[in-house]
């Protein structure tokens, strides 16, 4: 079995353990073992964009040193934000020797110096480019039976340009995955819009409004469920439906999947009760078989 | 002091250029340095050498010190080489004994440290002193001028240029790629700011072009090849087969009506409608002779049909017609190849061209036009309904360096206002919205026109570029923002009109390669000087007009076309032009007749003297590139005033 | 000891690269003063012998600038230059001169920025290569 070093990040170890488990199980079907790093820390999420604020990149680079410690040159991420942070930090030091030296100097207690030689991967483009959707389609055990899905990308896989995995204005990667799994896709204008992001912490209302617009928009186009590629979008769109329903009594709830869950389902992996329990809206309600 | 080994008396003149040179180059030090040279008889610096007193000072020094070599250390030779060479000539010194040392553009302006700048300036001037030491007096080669002009492109720019040149009594060859002259202006409905009908003002000009005895018109033709240089270009024109005998065709149009293949997209209506395989682009086309579009013709594709042939009274259909090649000699060329619009299929935020009711400005012109597919009624393409809410988006693809074009397309502010206004005239109960970044309405009567749209015609102007257009039911939803009020705006529109960026004419790169002229980073033709030589290219004898150079509106285009015509006429009015004498030479004693030089010459200027069995140079044809000189294995070939000996001394001067 | 300041000779054609250098000047871009320009009508006038002479006389780097492929004012001069320089670089290697010291760039009249960038980069590159070895010595040998 091929082994790939795997960096989980905070969310997939806690509130979104179902995303991680479904990904690891799915990859086994393709003879790939996602091997979690022995040691890792916060990816350094939402770092400062200021060019002179280099210290915010230390967390990310430290994780890449961990990858090197395990004698690997690539690391798989499942979380869109972890991917974004690790890859951008990596690119910055790759293209700027001075920054790399500074960061290495700062982390002089590490056994290894970082040489900017790790590739940061994300599972979604890995499925497209390495495993390929046609191969996935051949392995489908339980077809999605023409259920209509609306893709929701979130921002961090598509922006900025340097790390984007697809066309930021008209991405198709999620749609192609859904189609490979036998599902149908509907187009909505909201697929690449903001879910409300971290406003979910202290301005729930903002996220409630976004959730309503996005889910209603998907429903208007005939969608039965949403598939997302970002854990934060998944959380906002799923769990904030509770507050949305409270505010708008006519609001109709809609299940929200992480792409790995749908992949696992399609490959015939059992959708465990523990996975379901981490959702707010029952995800199994849409499966017709 | 070095010993004066030659009989040279060189003058070195250093220009301060105000502080442009003097602030980074120590001009006194330069004078001090070069006064040490034994063969530099005179050296001095002055605030502005190119000024009248500056020139007088040089002239006086030439006479007083009997100078026989001149080095002017100043700005780039592209600016004042001519000035000083003329001065030199007028002061009794051969022009080719005068050389420019560029210590401004390539020294003082690009360096900051004065010590370094001065050091480099000395090296630069030294190389030129070395060159001048061995320069010889040259006389320009005289060549006669072919008194005929070529105009490429017969839109409003090319037509105007051709008419001006023809009216001055000179012959003009006018070549147009499409089947009719007229260009984009023929597609427009009304023109800003006066709202006069575009075709009404254009068609008389088209007829003038067709009837002018001095104009030879080649439509449906392209430039195949160009050789020669200013005054004597040789052009080869490919006259594409129309499959019609132009002499016999009466333009009755029966063939067009009877053609059963009607699926081709109509170029003139910007693909809003279809047309037959045999077609005349539009009713007023000049010439009024149809063309068979091979790709869509049933005969050419399936060897069937031939209906046009059967119905043609004068028997003018010629399925076996072939492309014809015509060779012409001309003295001057005007390039007026025009523009295209950035394809909507590139607009990621506006749906990559997949929505039928998102159209470009030219398509909207056709919807407004009385000769258009809807006869001037505004009906949207998808379902022919009259749209009640129309959104106009400006700067679509312009002013957006991240994804599209960085430049401003210049005419969109005006035509979007015109579109919104004309739409209101056609659909009085409709609503029109214009999204803009800034309104740029510089021009006579332009600002007043925009004010009229805002105040009298109730067009809603919203400051902000929409983020997205998508379809919801039969509406096109536009997401935007009004940055003046800070409001997010969603408009459910029936039709969206994008003011697409203006780009150089599709396929013009091929032509540009043949003409050997230059373009800017966007593919627009480069002018010789952005301010002072705006209608000339860097290749003498080739001039520019219209949107081929940059986006511009009709009045500007016409003015520029007349400017180009005037430049071309200037050239055609003289009998002989002087050809650069910096040509290749052959040392008969050294030449072995190996013929290597012959293969390297792109101008066929090198040949073998059969009697002497050595290579010779045809000075009239030689352009002075020097590639034969560097290829010569025995150094028998040299270039006048660019000899190997001069290069050697210049190299040594830098490395000393 | 002061930093090594390389001597660089630039052969620029009149139509493209020299005009590009003029544009860099007009735009007040900055680059190191090490390169001194010899302006030719076409890059194809530059003879292999000129380059060898320059290296022999102590030039640390040589930059040749011509028009982009297809843009040559003299139709095909730049192609000839390209062929010549490719061969010459091989020869330089045999002579014990690092071929990186000879660089050919296509810089058009509108590419002032590229000109400034090339001048800066090339100067840096030659600085890192150090002075040209003396006649008869092979590069890299102490």
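None of the figures in this text is laboratory data; all of them are computed from the coordinates on show. In this text the structure is predicted, and so the values were computed from the model without any measurement. Here the Cβ is made from the backbone with ideal geometry for all residues, glycine too, and neighbour counts use every protein chain on show.
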Spatial separation of Cα centroids for the stretch C:70-138 and the stretch B:435-491, in angstrom: 52 Å
Gyration tensor (Cα) of the stretch B:332-457, equivalent ellipsoid semi-axes in angstrom: 23, 20, 17
Over 16 Å [Cα-Cα, the stretch B:583-639], rounded percent: 26 percent
Surface/4 estimate of mean projected area, convex hull on alpha-carbon atoms of chain C, nm²: 8.3 nm²
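Shielding by partners for C:50-63, please: the mean number of other protein chain Cβ atoms within 10 Å of each residue's Cβ.
3
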Shielding of B:347-356 by partner chains, average beta-carbon count, 10 Å: 2
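For B:535, B:207, C:46, which order do you get if you count the other beta carbons within 10 Å of each Cβ and list the fewest first?
Ordered by Cβ neighbours within 10 Å, fewest first: B:207, B:535, C:46.
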D_trans [Stokes-Einstein, Kirkwood Rh over alpha-carbon pairs] for chain B, 10 °C, 1.306 mPa s, µm² s⁻¹: 55 µm²/s
Angle between chain A longest axis and helix A:58-69 axis [Cα atoms, degrees, rounded to 10]: 80 degrees
Calculated [θ] (222 nm, deg cm²/dmol) that DSSP helices of n ≥ 4 give over chain B, each run adding -39,500 (n - 2.57): -8500 deg cm²/dmol
Gyration tensor (alpha-carbon) shape descriptor, the stretch A:137-286, a/c threshold 1.5: oblate
Relative contact order, percent, chain B [alpha-carbon distance under 8 Å, six or more residues apart]: 13 percent
For the stretch C:1-50, alpha-carbon Rg relative to the globular expectation (2.2 N^0.38 Å, N residues): 1.34
Virtual spin-label span in nm between residue B:114 and residue B:521, 7 Å along Cα→Cβ: 3.4 nm
For C:74-81, mean number of other protein chain Cβ atoms within 10 Å: 5
Added length on full extension, which subtracts the Cα-Cα distance from 0.36 nm per residue, residue B:246 to residue B:573: 114.3 nm
Value at 222 nm in deg cm²/dmol, rounded to 500, when DSSP H runs of n ≥ 4 in chain A each add -39,500 (n - 2.57): -11500 deg cm²/dmol
With Cα atoms, 0 to 90° folded angle of helix B:554-573 axis to chain B main axis: 40 degrees
GNM flexibility winner over chain A from A:153, A:108, A:126 (Cα, springs under 10 Å): A:108
Highest average packing first - B:115-124, B:482-491, A:28-37, Cβ atoms within 10 Å: B:115-124, A:28-37, B:482-491
Spin-label pair residue B:38/residue C:26, simplified geometry with 7 Å Cα→Cβ offset, distance in nm: 4.3 nm
Ratio of Rg to Rh over the protein assembly as shown (Cα coordinates, Kirkwood Rh, two decimals): 1.03
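Over all pairs of distinct alpha carbons, what does the Kirkwood formula give as the hydrodynamic radius of the stretch B:311-357, in Å?
After inverting the mean inverse Cα-Cα distance, the result is 16.8 Å.
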Packing rank of C:6-14, B:25-33, B:258-266, where each peptide gets the mean count of other beta carbons within 10 Å, highest leading: C:6-14, B:25-33, B:258-266
Quarter of Cα convex hull surface for the stretch B:280-366, i.e. mean projection, nm²: 10.5 nm²
Sequence of B:221, B:59 once ranked by neighbouring C-beta atoms within 10 Å, starting from the fewest: B:59, B:221
Cβ-based exposure ranking for A:40, B:479, in which fewest neighbours within 10 Å come first: B:479, A:40
Bins of 10 Å from zero: percent of alpha-carbon pairs in chain A: 6, 29, 34, 21, 8, 1
Over chain A, relative contact order from alpha-carbon pairs under 8 Å, at least 6 apart, %: 19 percent
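From the alpha carbon gyration tensor of the stretch B:10-140, can you work out the equivalent ellipsoid semi-axes (sqrt of 5 times each eigenvalue) and give them in Å, largest to smallest? Walk me through the numbers on the way to the answer.
On the way: eigenvalues 98, 43, 36 Å².
Semi-axis lengths for the stretch B:10-140 are 22, 15, 13 Å.
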Gain upon complete extension [residue B:346, residue B:455; 0.36 nm per residue less C-alpha separation]: 35.8 nm
Alpha-carbon centroid distance for the pair the stretch B:276-326 / the stretch B:335-404, whole angstrom: 30 Å
Separation in nanometres of the label points that stand 7 Å from Cα toward Cβ, at residue B:618 and residue B:210: 4.2 nm
Overall dimensions of the stretch B:254-311 as given by Cα atoms, namely Rg and Dmax in Å: 11.0, 31
Tilt relative to chain A, helix A:204-220 - C-alpha long axis, 0 to 90 degrees, to 10: 60 degrees
Estimated translational D of the stretch A:2-123 in µm²/s (Stokes, Kirkwood radius over Cα pairs; 20 °C; 1.002 mPa s): 146 µm²/s
The stretch B:1-69-the stretch A:49-109 distance, computed between alpha-carbon centres (Å): 60 Å
